Amino acid sequence: MIGCGVEIAGRRAICVALGVKDGHIVDLTGRRRPIEIGDDENPAEVSRFRQTVQALLEAWQPDRIG
């Protein structure tokens, strides 16, 4: 099972993924930095932000998102 947590604070999001392997919790996040959105009024920036978050979720394929 893979669980993903997303914290949105202001203009940035922090995404973390944890999984279970051999009965132990494993951090699947890697060396990712917060995802930032420069101008939330700019449709291109909002689209880039959404695409980045979506790509992470597709790569991790979490069973649960919180």
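Among the residues of segment 6-38, count how many are assigned to a strand (DSSP E or B), open to solvent by less than 40 Å² (accessible area, probe 1.4 Å) and within 16 Å of GLN54 (Cβ to Cβ).
To start, the set of residues in segment 6-38 that are assigned to a strand (DSSP E or B) comprises 6-9, 12-21, 24-27, 35-36.
Applying the additional criterion that residues be open to solvent by less than 40 Å² (accessible area, probe 1.4 Å) yields 13, 15, 17, 19, 35.
Narrowing the set further to residues that are within 16 Å of GLN54 (Cβ to Cβ) leaves 13, 15, 17, 35.
Here the count works out to 4.
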Members of segment 39-54 that are surrounded by 11 or more Cβ atoms within 10 Å (Cβ to Cβ) and under 13 Å from the mean Cα position of the chain (by Cα): PHE49, ARG50, THR52, VAL53
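The values are calculated or read from the model by the stated rules, or taken from the named source; none is laboratory data. Please read these numbers as outputs of a predicted model, since none were measured by experiment. Cβ: placed from backbone, ideal geometry, glycine included. Neighbour counts: every protein chain shown. Quick note on the areas: whole protein, heavy atoms, side chains included, nothing else; ligands and nucleic acids left out. Shrake-Rupley method; radii C 1.70, N 1.55, O 1.52, S 1.80 Å.
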